[in-house]
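S.K.: Structure provided below as structure tokens; questions to follow.
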Amino acid sequence: MIGLGASGDAAARLALRKGAKVHVTDTSSEDPVAARGTVLADLGAEVRLGGHDIEAIASAGTVVVSPGIPPGVPVLAALRARGVAWVSEPEFACRFIQSPLTIVTGTNGKTTTAALCAHLLREAGVDVALGGNIGGGLGPPASTLAATHPAADRIVLELSSFQLADIRDLTPDVGVMTNLGVDHMDRYATVADYHRDKRRLFEAGDEHTTWVVNGDDPAVMAMAEGVPGTHLTFSLETAGSPGAYLSGGALVLDWPGRDGPHRVAAATDLRLLGRHNVANALAAVLAAAASGASSHTAPAALRSFPPLPHRLEPVGTFGGVLWVNDSKATNVAAAASALESLDGPVVMLVGGTDKGEDFRSLVPAMKGRVHTVLAYGAAGERAGAEIRGAVGRGVAVEHVLGGFEEVVDASRAAARPGDTVLLAPACSSFDMFANYQARGDAFRTLAAGGNR
């Protein structure tokens, strides 16, 4: 097992549980990694931290690589030179899962879609387990599900491009592609490289797979074209069959011979903010129906599904200002989508670890909504300069120095009654925080604490 993050730890535990001889290795020996290593050693694993033993890895019958490890690192280059193949952690996990798989991926919306699909199935009486890349307390790694729920009626997995890159034999019963945009340019040389890893989902299916694809996204439709299996589309713009679409403010399911056409719920029944979340709900309804859920329980299930943490999460209204936490908006497309979901006026917080995207792409969504942009963190100077140069008059763009508390204080000073303060950073969090959850938690705490 190469990499001892959460998924690597889960895969090692699963392998030990199955009676395998396990070698775990990580270049890090920092406290969280060392603590996991100590526990695994006590369970019988051979643990090497602070470096890799290439020969020991190459001699293994199965090599599992954590998704956070970039493909060009020396250990993988050395294995590649020896002709040694490896698999991703979800691929390894699914060797021990008997359940049919619903796999959800896409640039944005995959967590909400996967969680809502699982909720719809659960409310319909299906024994369902949720996990994969979803994290954030919403579900464990796939390897943990393989140990605890190997024979559930259905397993719903959210998978990232990093996890899809190294799958080999994992076959989805239902596959969902929410959308395709730009992300992870700090890892991929080109957008085409990133999309190539997303395409692995379609390559993994077969003629028995049911595909749920975004009919409003030309890149998704082009990628899915000609792929064997049953194709269902969801759309906010166009009525289509078989599929699900928005019509007259209602979510409509139209699947001839099964469910449709009929009104499932009103868009206003959803507790989720934003038009993009209506698209996520359409995808989830379709995926749940394809995964065995009756649509009759869907209306109540949609109404009972709460906003997920750090995804357009309303934190509270203080002094007439609404504070919204979208810390999970870690790329430009997600941040733009968050803006498009809100009415102005908005104070927007942008910044964090630079992923190499063009911040000028935010400007169309800002117009008519944003009056102040506060750029911060490692990407703050570049983000502020690009937005300032493109947005024109009427929008104040400030580069805020200091820590996150100073950023929130500046947003409080800039906001007026009737405004929304939106954390939609368009960047990852690693300059200041361990992850986007910690960033969102800090925003929530600082927003409430400074307004009591």
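S.K.: I'd like to verify a number: residues in the stretch 88-98 that are open to solvent by less than 10 Å² (accessible area, probe 1.4 Å) and either within 17 Å of VAL278 (Cα to Cα) or outside any helix (DSSP H, G or I) (or both), how many?
M.R.: Adding up the residues that qualify gives 1.
S.K.: Here are some residues: GLY175, GLY181, GLY229. Which one is open to solvent by less than 40 Å² (accessible area, probe 1.4 Å) and over 20 Å from SER291 (Cα atoms)?
M.R.: Among GLY175, GLY181, GLY229, only GLY181 is open to solvent by less than 40 Å² (accessible area, probe 1.4 Å) and over 20 Å from SER291 (Cα atoms).
Every residue, every condition in (1) open to solvent by 10 Å² or more (accessible area, probe 1.4 Å); (2) among the hydroxyl-bearing types (Ser, Thr, Tyr); (3) part of a helix (DSSP H, G or I), yes or no:
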| residue | (1), (2), (3) |
| --- | --- |
| ALA410 | yes, no, yes |
| VAL421 | no, no, no |
| PHE433 | yes, no, no |
| ASP441 | yes, no, yes |
| ALA448 | yes, no, yes |
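S.K.: Return a yes/no flag: does the stretch 179-192 have any residue that is acidic (Asp, Glu) and in contact with a His (Cβ under 9 Å, 6 or more places away or on another chain).
M.R.: No, the stretch 179-192 contains no residue that is acidic (Asp, Glu) and in contact with a His (Cβ under 9 Å, 6 or more places away or on another chain).
S.K.: Could I ask something else about it? Going by what's in this entry, would ASP9 be described as buried (at least 21 other Cβ atoms within 10 Å of the Cβ) and touching a Lys or Arg at 6+ places or on another chain (Cβ under 6 Å)?
M.R.: yes
S.K.: Okay, next question. Taking only pairs six or more apart or across chains, which ones have beta-carbon atoms under 7 Å, a first residue in the stretch 148-164 that is at negative phi and open to solvent by 40 Å² or more (accessible area, probe 1.4 Å), and a second residue that is of a type in the set (Asp, Glu) and not in a strand (DSSP E or B)?
M.R.: ASP153/ASP127
S.K.: Next question. Pull out all pairs, ordered by first then second residue, where Cβ-Cβ is under 9 Å, the residues are six or more apart or on different chains, the first lies in the stretch 379-394 and is over 22 Å from PRO345 (Cβ atoms), and the second is modelled with pLDDT of 95 or more and open to solvent by 40 Å² or more (accessible area, probe 1.4 Å).
M.R.: ALA379/ASP431; GLU381/HIS399; ALA385/HIS399
S.K.: Consider the stretch 217-226. How many of its residues are open to solvent by 30 Å² or more (accessible area, probe 1.4 Å) and either under 25 Å from the mean Cα position of the chain (by Cα) or within 18 Å of ALA293 (Cα to Cα) (or both)?
M.R.: Count: 5.
S.K.: Kindly establish whether ALA244 is in contact (Cβ under 8 Å) with a residue 60 or more places away in the chain, of a type in the set (A, V, I, L, M, F, W, C) and surrounded by 23 or more Cβ atoms within 10 Å (Cβ to Cβ).
M.R.: no
S.K.: Filter the stretch 180-216 for residues that are in a loop (DSSP other than H, G, I, E, B), within 18 Å of the chain's Cα centre (by Cα) and either small (Gly, Ala, Ser) or on the phi < 0 side of the Ramachandran plot (or both) and give the result.
M.R.: LEU180, GLY181, VAL182, ASP183, MET185, ASP186, ARG187, TYR188
S.K.: Still on this model: Of HIS262, HIS276, which residue is farther than 20 Å from ARG154 by Cα, part of a helix (DSSP H, G or I) and open to solvent by 10 Å² or more (accessible area, probe 1.4 Å)?
M.R.: None of the others qualify; the one that does is HIS276.
Table: residues versus (1) open to solvent by 60 Å² or more (accessible area, probe 1.4 Å); (2) modelled with pLDDT under 95; (3) of a type outside the set (A, V, I, L, M).
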site: ALA15; (1), (2), (3): no, no, no
site: ASP26; (1), (2), (3): no, no, yes
site: LEU43; (1), (2), (3): yes, no, no
site: ARG48; (1), (2), (3): yes, no, yes
site: ALA58; (1), (2), (3): no, no, no
site: GLY61; (1), (2), (3): yes, no, yes
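S.K.: Sort out which residues of the stretch 232-241 are more than 28 Å from GLU357 (Cβ to Cβ), open to solvent by less than 40 Å² (accessible area, probe 1.4 Å) and not in a strand (DSSP E or B), and write them in order of number.
M.R.: GLY240
S.K.: In this structure, does ASP197 turn out to be over 25 Å from ALA335 (Cα atoms), open to solvent by 20 Å² or more (accessible area, probe 1.4 Å) and among the acidic types (Asp, Glu)?
M.R.: no
S.K.: Could you list all residues from the stretch 369-383 that are buried (at least 24 other Cβ atoms within 10 Å of the Cβ) and either of a type in the set (S, T, N, Q) or part of a strand (DSSP E or B) (or both)?
M.R.: Passing the criteria: VAL370, VAL373, LEU374, ALA375, TYR376.
S.K.: Only one of these is β-branched (Val, Ile, Thr) and over 27 Å from ALA414 (Cβ atoms): THR268, THR330. Name it.
M.R.: THR268
S.K.: Within the stretch 123-130, can one find any residue that is touching a Lys or Arg at 6+ places or on another chain (Cβ under 6 Å) and part of a loop (DSSP other than H, G, I, E, B)?
M.R.: yes
The values are calculated or read from the model by the stated rules, or taken from the named source; none is laboratory data. Small disclaimer: the values here were computed from a predicted structure and weren't measured. Using ideal geometry, Cβ is built from the backbone for each residue, glycine included, and neighbour counts are taken over all protein chains shown. We work out accessible area using only protein heavy atoms, side chains counted, and drop any ligands, DNA or RNA first. Shrake-Rupley method; radii C 1.70, N 1.55, O 1.52, S 1.80 Å.
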